[in-house]
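Colleague: Submitted below is the structure of interest, expressed as C-alpha cells.
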There are 2 protein chains.
Amino acid sequence: MKNRITMKDIAREAGVSVATVSHVINGTKNISKETSERVLKSIEKYNYVPDSSAKNLRKKKTKTAGLIVSSLPDNFVNDMIFGVEERAREMGYNLLLVNTKEDEKYEEESINLLHSNLVDGIILSPTSGDISYLNKYTNYKFPVVMVNRFDKKIKNIPIVSGDNYQLGFDATTHLLRHGHKKIGFIYSVLNVSTTEERLRGYKDALKQFDIPFCEGCLERGYGTVKGGADAVANLLSREKDITALFTQTDLMTVGAIGKIKEMQLRIPDDLAIIGFGDFPSAVIIEPPVTNIILPARTIGRTAFDVLINKIHNPDYMTHIQLPSSLIVRNSCGC
Amino acid sequence: MKNRITMKDIAREAGVSVATVSHVINGTKNISKETSERVLKSIEKYNYVPDSSAKNLRKKKTKTAGLIVSSLPDNFVNDMIFGVEERAREMGYNLLLVNTKEDEKYEEESINLLHSNLVDGIILSPTSGDISYLNKYTNYKFPVVMVNRFDKKIKNIPIVSGDNYQLGFDATTHLLRHGHKKIGFIYSVLNVSTTEERLRGYKDALKQFDIPFCEGCLERGYGTVKGGADAVANLLSREKDITALFTQTDLMTVGAIGKIKEMQLRIPDDLAIIGFGDFPSAVIIEPPVTNIILPARTIGRTAFDVLINKIHNPDYMTHIQLPSSLIVRNSCGC
DNA sequence: ATGAAAGCGCTAACAC
DNA sequence: GTGTTAGCGCTTTCAT
C-alpha cells in the first residue's frame, strides 16, 4: 500500500510551505496566482485530498451529522431518512446513519460514540424507552435535535415533528362523520409521542361526537405486515362491533387490509380503514386506501436545518410541527 | 460551551500518565487493578469518551465505512441499505450514507471526499455513467466494493450482486411457459449491470423458445410509480399485441398495474405481469402480484463482509452472485 | 507496571 | 505573499 500523500509532499513538490498549500486549498489567505496554480497542479498530479481526520482534530469539527432512527423502517421513516440525507449533502455535510431498531441500550451507546467528535451533532428519532440519559449530552450543549418522536422531558433539545395530535383528530373525525361509532386504533409502539399524540387526537374527536372512549378498541401489534394482520384478528375477535380502523404504520395498514379480506369482510362496507402514512401501492389496492400523511421528506430536511442552527447557536430552541393531510381515497367510505 | 474533557484531564484526575489511561481504555497493556479502577472511575465521573478524530489520525483508521447508492430508493435498495447498516454495526463499524441519485459527478466527488481518511472503505452501487475514474482509487488499493450494480472494467474491485442473468431468464421463461409470445420489458436505467444482465437473460429465454427478440418490446421509464405507468402507456400504444410484462423495479410495477387497470385491461388475462422486487402490498393487490426477487438484505450484509476482507487484504477479490427466487402469486397467470 | 515523549497531518497565529 | 511553528488529542515506542 503506497504511502498516503500529505500536504508536506505537495508543498515540497510545489516548492512552497505547507501553510501556503493549506491556504490555497481553503482560500484562507491571498496567495499569488502563480504560486496558487503551481500548488493546484501538484494536488491534481498526486490526486491529493487533505486528511479529514487531521483536519477534524485541528478544527474540532467534522462536518458530519449523525442520524439515529429507531423504527422498523417503513415508508415514512425511509422518506424521512432521505430527506435528512438530501439536506445534509446540500449543506456540505456527511451523514452517519444508525438504526437502533428500538434497542435503547444500543441507542445510548451510539450517541456516546458519535458524540466523541465523530459528528458535530445528532438527529435522533428515539426509542420508546427512557431517554433521560440524553440530558447528559444536551446539558453541556452537545447539539441534538429530535425528529418525528420527541420527549419533552429532555432539556435544551429542539424538535421537528408532525402535528400528530391534529392527525389523530382529523383521521378519527373523518371516520366519525361517516357514521362510525366504534373505531379500532392499531399501533405498534406506546410511550412514544407519535402514538400518544394521535391517541389524544383520537380521544378528543370521539369526545366531540359524544362517543365514549373504549379501551378495548386499542390494539397493539408488531410494526410489520404480519403485525398488522395479527392485530386486526385480535381486535376483531374481542370487539365484534367495530366498524372502522385507524392504523399507525403503512406496513400495518397493508397487513390489516390483507387480514380483513381474508376474513371475507368488505372494505369499507363492513370495515372502513384509514392508515397513517402513504405508500406507493395505496392507489391500486381494491378499494384504494385512504391515508393520512405527514410530509416525511420535509420533516427530515427541516430537522437537518434545525440541527445546523443548533450547531451554530447552542441555545437555539424550537418545536416545529408540520401539518398532516388526508389523502381521501375509498377505504374510508368516501 | 464547556471545554471538552481530554485524556490529559482524566490522567491528572487519576494521578497517572496519559499513556496509562490509553492503555486501560484499550487494554493494550497490563495495568494494575488499582490503577485501572482509579482511571475507570475518573472516566465514568467525567463521562469521558476518547476523541475520535485524534484516534483516527493517529491510527489511520476510522472504523467507518461509506455506502454510496445511486438509485431512486425503492424497496430493494432500502432493504439493501439496512442490510449493510446492520452488518456494519455488528462489526463495530459506523456507516456513512450517500445517495447520489444517479448523479455521476456527485458520485465522484463523494468518493473523493470519503477517501480522505474519512472512511476505511466504500461500498458502492454506482451510477450508470462512466465510472472508470474509480481505477484511480482501486489501483492504489483503496478498498472499494461494488454492490448490486457492477462494472467489470474497474480493476481490483470485488463485487456482490444478484444473479440478474438467471433472474431475467427465469422470469421470462415463466411467462413464456404460460404461452406468452410477446413480452414487454420495462426498465429504468440502461448501461447498468442489473438491467443489462436481466435483458440478456430475457433474450436467452426467448431464444430457447424460438421466439424472435423484438426491439420495440423494450421500454424505458423513470423509476417511479408514474414512470411505470407512463412506460406501459407508451409501450402498449406502440406494440399492441404484447400479452405480458416484466418490470424492473417495484415502484414501476405498481405504476404499471395502475395503468393497466386504468386502461380496463384484466390481469393476467389481457396482460400478465411479473415484477422485480417484492413489496409489502403485493399480496393484497388484486390479483396478487408475482415477483422475482433478490435477497436484498443478504446482499447488503455480504457486501459489508466483503469490504472487511478487502480492508484487511488489499488484494482480496471475489464476485459473489446471490440467486433470485420467483414468488409466484397470480399476476403471472398462475 | 508506569511514564516521557514523538508524531499522526493539518490549521492558524505570528513573523517576516 | 509566504514561511515557521505550535499544538489539536491521541497511540505507541522506549525507558525506567
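Colleague: Can you list the aspartates and glutamates whose alpha carbon sits under 16 Å from that of A:Lys101, skipping same-chain ones fewer than 8 residues off?
Modeller: A:Asp74, A:Glu109, A:Asp130, B:Asp79, B:Glu85, B:Glu86, B:Glu90
Colleague: Return the single residue from A:Met252, A:Met91, A:Met80 with maximal mean-square fluctuation; model: Gaussian network over chain A, springs between Cα atoms under 10 Å.
Modeller: Sorting by GNM fluctuation, first place goes to A:Met91.
Colleague: Please go through region A:28-134 and write out the trypsin sites (Lys or Arg not before Pro) that DSSP classes as loop and that have at most 12 other C-beta atoms within 10 Å.
Modeller: A:Lys29, A:Lys60
Colleague: So how do A:71-79, B:8-16, B:106-114 stack up, highest first, on mean other-Cβ count within 10 Å? If you can, show how the numbers build up before the last one.
Modeller: Numbers: A:71-79: 21.7, B:8-16: 17.1, B:106-114: 19.9.
In descending order of packing, they fall as A:71-79, B:106-114, B:8-16.
Colleague: Here is a further query. Springs between alpha-carbon pairs under 10 angstrom, Gaussian network model over chain B: which of B:Lys226, B:Lys240, B:Lys259 fluctuates most?
Modeller: Answer for the Gaussian network model of chain B: B:Lys240.
Colleague: Let me ask something additional. When you look at the Cβ of every residue in A:279-292, what mean number of other chain Cβ atoms sits within 10 Å?
Modeller: For peptide A:279-292, the averaged partner shielding equals 5.
Colleague: Continuing with the same structure: Could I have the simple spin-label model distance between A:Asn26 and B:Glu37, label points 7 Å from Cα toward Cβ, reported in nm to one decimal?
Modeller: Once both label points are built, they end up 4.6 nm from each other.
Colleague: Okay, next question. Using only Cα atoms and rounding to the nearest 10 degrees, what angle (0 to 90) does helix A:250-262 make with the longest principal axis of chain A?
Modeller: The angle comes out near 30 degrees.
Colleague: Moving to a separate point now. Below 8 Å, C-alpha to C-alpha, sequence gap of six or more: please give me the relative contact order for chain A in percent. It would help to have the intermediate numbers written out before the result.
Modeller: On the way: 637 pairs, mean separation 59.9, N = 334.
Relative contact order comes out at 18 percent.
Colleague: For chain B, take the longest principal axis of its alpha carbons; what is the angle in degrees between that and the long axis of helix B:104-114, to the nearest 10 within 0 to 90?
Modeller: With both axes taken from Cα atoms, the answer is about 20 degrees.
Colleague: Considering only the other residues whose Cβ falls under 11 Å of the Cβ of B:Lys181, what net charge follows from Lys and Arg at +1 and Asp and Glu at -1?
Modeller: Once positives and negatives cancel, what remains is -1.
Colleague: Next question. Go ahead and run the numbers for FRET between A:Lys207 and B:Tyr140, Cβ-Cβ distance against an R0 of 51 Å, rounding to 0.05.
Modeller: Plugging the Cβ-Cβ distance into 1/(1 + (r/R0)^6) gives 0.15.
Colleague: Say a label goes 7 Å from Cα toward Cβ at A:Asn234 in every copy; what distances in nm does this one have to the rest, shortest first?
Modeller: Relative to the other copies, A:Asn234 has label-point distances of 4.8 nm.
Colleague: Rounded to the nearest 0.05, what FRET efficiency do B:Lys60 and B:Ala19 give with R0 = 22 Å and r taken as the Cβ-Cβ distance? Could you check?
Modeller: Once rounded, the FRET efficiency stands at 0.65.
Colleague: Among B:Ala244, B:Ala256, B:Ala54, determine the one that fluctuates most according to a GNM of chain B built with springs between C-alpha atoms less than 10 Å apart.
Modeller: For chain B, modelled as a Gaussian network with Cα springs under 10 Å, the answer is B:Ala54.
Colleague: Across peptide A:223-232, how many C-beta atoms of other chains are within 10 Å of each residue C-beta, on average?
Modeller: Mean shielding by partner chains, rounded to a whole number: 1.
Colleague: Using Cα pairs under 8 angstrom and six or more residues apart, how large is the relative contact order of region B:171-285, in percent?
Modeller: The normalised contact order for region B:171-285 reaches 29 percent.
Colleague: Compute the length gained on full extension between B:Thr6 and B:Arg200: take 0.36 nm times their separation in residues and subtract their Cα-Cα distance, giving the result in nm to one decimal.
Modeller: Numbers: separation 194, 0.36 × 194 = 69.84 nm, distance 5.88 nm.
Net length gain for the segment: 64.0 nm.
Colleague: Quick check on chain A: of the DSSP beta bridges with both residues there, what percent are antiparallel, nearest 5%?
Modeller: Bridges in chain A are about 10 percent antiparallel.
Colleague: Just the number please: accessible area per residue for region B:164-293, 1.4 Å probe, all protein chains included, in Å².
Modeller: Roughly 39 Å² per residue, with all protein chains present.
Colleague: Treating the point 7 Å from Cα along Cα-beta-carbon as the label, what are the nm separations from B:Val18 to the other copies, to one decimal?
Modeller: 1.7
Colleague: Averaged over peptide A:38-46, how many Cβ atoms belonging to another chain are found within 10 Å of each residue's Cβ? Don't skip to the answer; put the middle values down first.
Modeller: On the way: counts 0, 0, 0, 0, 0, 0, 0, 0, 0.
The shielding value for this peptide is 0.
Colleague: Would you mind telling me the share, in percent, of accessible area of chain A contributed by carbon and sulfur at probe 1.4 angstrom?
Modeller: Details: 7070 of 14040 Å².
Answer for chain A is 50 percent, counting heavy atoms of protein chains only.
Colleague: Let me ask another. In Å² (nearest 100), what accessible area is buried between A and B, both sides summed, heavy protein atoms only, 1.4 Å probe?
Modeller: That pair hides around 4900 Å² of surface in total.
Colleague: How much mean residue ellipticity at 222 nm does the protein assembly as shown get from its helices, if each DSSP H run of length 4 or more adds -39500 (n - 2.57) and you divide by all residues, to the nearest 500 deg cm²/dmol?
Modeller: After summing the helix terms and dividing by the residues of the protein assembly as shown, the value is -13500 deg cm²/dmol.
Colleague: Using a cut-off of 17 Å between alpha-carbon atoms, which lysines can reach B:Lys240, once sequence neighbours fewer than 8 places away in the same chain are excluded?
Modeller: Excluding near neighbours in sequence, the set is B:Lys181, B:Lys182, B:Lys259, B:Lys261.
Colleague: Would you list which lysines come within 24 Å of A:Lys41, measuring only between C-alpha atoms, while excluding same-chain residues fewer than 8 positions from it?
Modeller: Here the lysines satisfying the reach criterion relative to A:Lys41 are A:Lys2, A:Lys8, A:Lys29, A:Lys33, A:Lys55, B:Lys105, B:Lys136, B:Lys141.
Colleague: Relative to the longest principal axis of the C-alpha atoms of chain A, give the angle of the C-alpha long axis of helix A:164-177, reported between 0 and 90° and rounded to the nearest 10°.
Modeller: 30
Colleague: Placing the label point 7 Å from Cα along the Cα-to-Cβ direction, what are the distances from B:Glu286 to the equivalent spots in the other copies, shortest first, in nm to one decimal?
Modeller: The answer, with the shortest distance listed first, is 0.3 nm.
The values are calculated or read from the model by the stated rules, or taken from the named source; none is laboratory data. What you are looking at is a predicted structure, and each value in this text was computed from that prediction instead of being measured. Note that we place each Cβ from the backbone using ideal geometry, even for glycine, and neighbour counts take in every protein chain shown. Surface areas here come from the heavy atoms of the whole protein model, side chains and all, with no ligands, DNA or RNA. Shrake-Rupley method; radii C 1.70, N 1.55, O 1.52, S 1.80 Å.
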